[in-house]
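Report on the structure given below.
The values are calculated or read from the model by the stated rules, or taken from the named source; none is laboratory data. Since we're looking at a predicted model, the values are computed, not measured. Note that we place each Cβ from the backbone using ideal geometry, even for glycine, and neighbour counts take in every protein chain shown.
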Ligand code: HAM
């Protein structure tokens, strides 16, 4: 027997049992984002390695050990994107989108990080990201967080909290780094190997390290929000006021530093409460301000704010049953004549936007009904000799029981009976 080819560890198939839920989530995201004036961009999954080296930060986990980097046949170093923000900024600069006063853009797609796979953490994972380029008001930050909150509500997500922080700017961060470094030097023995190694280059990372020793050692560490310069302090206050005004509940978490180095001022995460469906990987979405990145990558100085949602994690928090929006009909034609009549009817039902699958195996009605059940059909449409003679079909409710006879030439009555789309559009998305 041939040897079975298997998938790569941490690279998942999204099979029909899940893909409907994903479409439901993406459909809602598109709808909500469009109401906030966002347009979609589609970005390549492969970029020049240099793009990420120059944007994410040398001492981050992503750059140190998580990139899928290879040399192509021309000898160029390429990397499968570990995140979308750097690619989006590159596209913004190359596409000269900075000629608009403010660009509001969103993207969806797979990202790649060589992480240790576990529940909620994969090597290929999907993000829905939204970025605003060209606006520095903290009210914009609050409005964008509100947009994410509206999406979470539309999806019925419960048990998540918004945590916010400010990491300051080029003016005040260096002084905070120094203060923190001074504090951590005295605790270096208690830090994990990773944090101890990068304490001089990236002391902030120790603040959100999950290792017990690092948590204890940094418990009394000086807080970043206490060392913000006046302008960052006002910006942070502006964010908190605007979130309050909009009714978006939040908590300040001054230990949240994020795993990418491009952030300035506002950072935030949406996390699922402890003990919930997500387990240890509890950040559903995260983002913040990156006011220096466009310039760093060769574009004009442009303040930016954005976030990315982890699709796999969000899907774990959304009720699967909400995703199904269209009933599935299962046509059972008993014999050749019924098949011919049925084909015309099915075409008319599909033109009305209904989902129909046809049973081609034939045989006894009992077997056909079993198959209808196994594909989770909501209604079975049965056409047999009796039906053809009477000019009707039998519509059997598979979920609630009961059946009715409907005129074979009246697909609109069938549609009204099963409660499906009659607009002629594809399956509704939420
Ligand atoms: P991030 O925090 O690295 O930020 O990722 C955002 C979200 O992607 C996380 O909160 C999580 O839900 C999901 N995620 C990250 N890594 C994995 C993984 N290995 N498996 C499954 N899900 C994962 C960024 O990527 C920034 N680009 C966000 C941003 C946009 N900042 C500004 N604009």
Please identify the pairs in which a residue from the range 410-424 that is surrounded by fewer than 13 Cβ atoms within 10 Å (Cβ to Cβ) has its Cβ atom under 8 Å from the Cβ atom of a residue that is at pLDDT 70 or above and assigned to a helix (DSSP H, G or I), counting only partners at least 6 apart or on another chain.
-> 424/351
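Rundown of residues vs (1) without any contact (Cβ under 8 Å) to a residue 12 or more places away in the chain; (2) touching a helix residue (DSSP H, G or I) at 6+ places or on another chain (Cβ under 7 Å), yes/no style:
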position	(1), (2)
121	no, no
139	no, yes
148	no, no
163	no, no
174	yes, no
In the range 200-220, how many residues are buried (at least 18 other Cβ atoms within 10 Å of the Cβ) and either more than 32 Å from the chain's Cα centre (by Cα) or in the same structural domain as residue 303 (by TED's automatic domain parsing) (or both)?
-> 1
Specify which of the listed residues (345, 314) is within 16 Å of the ligand (Cβ to nearest atom), part of a helix (DSSP H, G or I) and touching a residue at least 40 places away in the same chain (Cβ under 8 Å).
-> 314
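Residue check: is residue 327 farther than 30 Å from residue 95 by Cβ, in contact with a helix residue (DSSP H, G or I) (Cβ under 6 Å, 6 or more places away or on another chain) and more than 9 Å from the ligand (Cβ to nearest atom)?
Numbers: farther than 30 Å from residue 95 by Cβ: yes; in contact with a helix residue (DSSP H, G or I) (Cβ under 6 Å, 6 or more places away or on another chain): yes; more than 9 Å from the ligand (Cβ to nearest atom): yes.
Criteria met by residue 327.
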Can you list the strands (runs of 3 or more DSSP E) found entirely within the range 13-124 that contain at least 1 residues being assigned by TED's automatic domain parsing to the domain that holds residue 282 and under 26 Å from residue 317 (Cβ atoms)?
-> 103-112
Of (1) more than 14 Å from the ligand (Cβ to nearest atom); (2) within 26 Å of residue 289 (Cβ to Cβ), residue 43 satisfies every one except (1)
